[in-house]
Structures are given as C-alpha cells and as structure tokens.
Amino acid sequence: MEYNRFLYKAKKKNWRELPKDDWWTQGYLFDNGYSDEEQRFFVGGLVIDEYTGTACDEWDINEIDFCEIDHETICQCTGLKDTNGKVIFEHDILEGNFYPYYYDGKYNYYGLCNWFEESKSFMIYTIKNPKSNVTGISQGNTELMENWNPEVWRIVGNEFDNPELFLGE
C-alpha cells in the first residue's frame with residue numbers, strides 16, 4: 001500500500017523538554033501564513049485522511065490536535081514502506097540487504113533518503129558506514145527511489161537523531 005505523500009513528520013517545537021518517545025509527530029503540514037521570523041509551522045497529529053476543506057477555513061489548533069513543530073526537522077513521506085512496514089520519510093537513514101550496502105556480512109553503506117529539487121523526486125544518497133573498512137567507491141551515489149524495491153530496505157534512524165550512523169562517533 002502506498003502512503004499519502006502529503007503526510008509529514010517533524011519534531012515538536014518543545015522536543016528538548018520531552019521524553020524521546022514524544023519528540024516526533026506526524027500529520028499534515030500547515031503554516032500560519034506569515035513569513036520569516038513570524039512564520040510558525042504546525043503538523044496535525046496522526047491525520048491520515050486527505051484534508052477536504054478550503055483554504056478559507058478557520059482552524060482551531062487545539063481542536064484538531066495540531067502542535068507547533070521545529071521547522072528544521074520537517075520530513076515528507078515518500079509514499080513507501082520499508083521491509084518492516086514502517087513508512088519511509090525524507091531524512092530517514094536506511095540499510096539495504098544487497099551489494100554494495102550489505103556485503104561479506106557487513107553493512108558497508110547507508111542510504112539517506114532526500115528530496116532532490118532538480119529531479120523533483122526522492123532519491124537515495126549513498127553514505128559510507130564509518131565503521132566499515134570498505135574503500136568507499138559507492139560513496140555519494142544517488143538513485144531514484146522509484147527505481148528500487150523499498151521492501152529490501154530497513155529504516156535504522158534519521159539524520160536528525162542519528163548523525164553518528166554516517167558521520168562517525
């Protein structure tokens with residue numbers, strides 16, 4: 001089943017004050033219509049169905065279970081799920097069980113899911129596992145996500161919470 005690409009996840013604005021299990025929320029992305037310093041972003045918690053209202057609707061943030069988010073952590077849904085059935089979002093770090101990602105019993109590379117504006121699509125950017133002894137010839141390769149089977153990938157983190165997976169300790 002393909003997920004709605006209009007689904008987003010982001011860290012809550014006050015995530016540093018919360019237990020780790022409460023850092024993230026997902027739903028539809030809205031802003032308050034202002035620009036620059038006054039702009040605030042909200043995600044409607046666990047809103048899965050497509051919104052069918054109009055742009056002129058008045059929103060009661062609390063009534064619809066919206067929460068303010070850290071706009072630097074916004075991740076759009078790719079519309080795909082990994083081998084464990086988890087929805088894959090932009091900025092997710094993935095392990096693949098095929099060459100060059102997995103070889104000789106080791107995960108040599110990770111795939112970082114990113115949006116590439118030039119191609120207007122989600123792509124996997126190959127990043128060397130810092131714990132691997134591989135020479136790194138596949139580092140920096142990119143591949144369109146639509147060209148591969150998401151069921152051979154497993155989400156192991158995201159670049160906001162787990163930078164050590166590709167930057168080293």
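Straight-line cross-link reach from LYS11 at under 16 Å between alpha-carbon atoms covers these lysines, not counting any fewer than eight positions away in the same chain: LYS20.
Determine the gain in length on full extension of the stretch GLU146-PHE98; use 0.36 nm per residue of separation and subtract their C-alpha separation, reporting nm with one decimal. Mind dumping the intermediate values first?
Numbers: separation 48, 0.36 × 48 = 17.28 nm, distance 1.70 nm.
In short, 15.6 nm is gained.
For GLY96, the shell of other residues with beta-carbons less than 11 Å away shows a net charge of -3, using +1 for Lys and Arg and -1 for Asp and Glu.
Within straight-line reach of LYS120, meaning a Cα separation under 21 Å, sit the following lysines at least 8 residues removed in sequence or on another chain: LYS9, LYS81.
Positive contributions from Lys and Arg (+1) and negative ones from Asp and Glu (-1), summed over other residues with Cβ under 15 Å from the Cβ of PRO19, come out at 0. With each label modelled as a point 7 angstrom along the Cα→C-beta vector, the LEU167-VAL134 pair spans 2.2 nm.
Rule-based calculations on the coordinates, nothing more; no lab input. What you see is a predicted model; the values in this text were computed from it and never measured. Reconstructed Cβ throughout: ideal geometry from the backbone, glycine too, with neighbour counts over all protein chains shown.
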